[in-house]
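Here's the structure, in structure tokens; my notes come after.
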Amino acid sequence: QVQLVESGGGLVQAGGSLRLSCAASGRTFRGYAMAWFRQAPGKEREFVGAITGSGGSADYADSVKGRFTISRDNAKNTVYLQMNNLKPADTAVYYCAARYGSYWFSAAGYDCWGQGTQVTVSS
């Protein structure tokens, strides 16, 4: 297990941008696929995007494709989520998650979770 801490959430107007960060502890960070999920009140946790341990490949939900970008800096044990052209529908608590090996598209596939950071997009 790795310990994860998200930061960078906040309030932004529609069309604006935010960059979320997820800092991880542990010397085996490169071996973990990383993912971002989000959860709005009354909704199940939703897949946003994921990236391989090397950072060479990534996948995104259709709802964010072309607007969000995942990247990672393994030397700093950090993964990022750059969010552009934000919409009110993006409002949610955003969580980073880790699993050793390949990434997965279901929240049930992840063992390690951060505390979450609130993103609110106003109309």
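The values are calculated or read from the model by the stated rules, or taken from the named source; none is laboratory data. From a predicted model like this one, the values you see are computed outputs, not experimental measurements. Cβ coordinates were reconstructed from backbone atoms using ideal geometry, including for glycine residues, and neighbour counts include every protein chain displayed. Accessible surface areas use protein heavy atoms only, side chains included; no ligands, DNA or RNA. Shrake-Rupley method; radii C 1.70, N 1.55, O 1.52, S 1.80 Å.
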Report task. Check G49, G55 and return the single one that is assigned to a strand (DSSP E or B) and surrounded by 15 or more Cβ atoms within 10 Å (Cβ to Cβ). Result -> G49
Query - Checklist (1) buried (at least 18 other Cβ atoms within 10 Å of the Cβ); (2) under 12 Å from the mean Cα position of the chain (by Cα) applied to V121, failing item - result: (2)
Query raised in the report: Are there any pairs with C-beta distances below 9 angstrom linking a residue in the range 27-39 that is without any contact (Cβ under 8 Å) to a residue 60 or more places away in the chain to a residue that is in a strand (DSSP E or B) and among the polar types (S, T, N, Q), with the two at least 6 apart or on different chains, and if so which?
Result: F29/T78
Query raised in the report: Which condition number does F68 fail, the rest of (1) of a type in the set (A, V, I, L, M, F, W, C); (2) open to solvent by 30 Å² or more (accessible area, probe 1.4 Å); (3) in contact with a strand residue (DSSP E or B) (Cβ under 7 Å, 6 or more places away or on another chain) being met?
Result: (2)
Query raised in the report: Out of the residues in the range 6-41 that are modelled with pLDDT of 95 or more and in a loop (DSSP other than H, G, I, E, B), which is surrounded by the most Cβ atoms within 10 Å (Cβ to Cβ)?
Result: G9
Report summary line: Over the range 44-103, the set of residues in contact with a Cys (Cβ under 8 Å, 6 or more places away or on another chain) and among the charged types (D, E, K, R) is R99
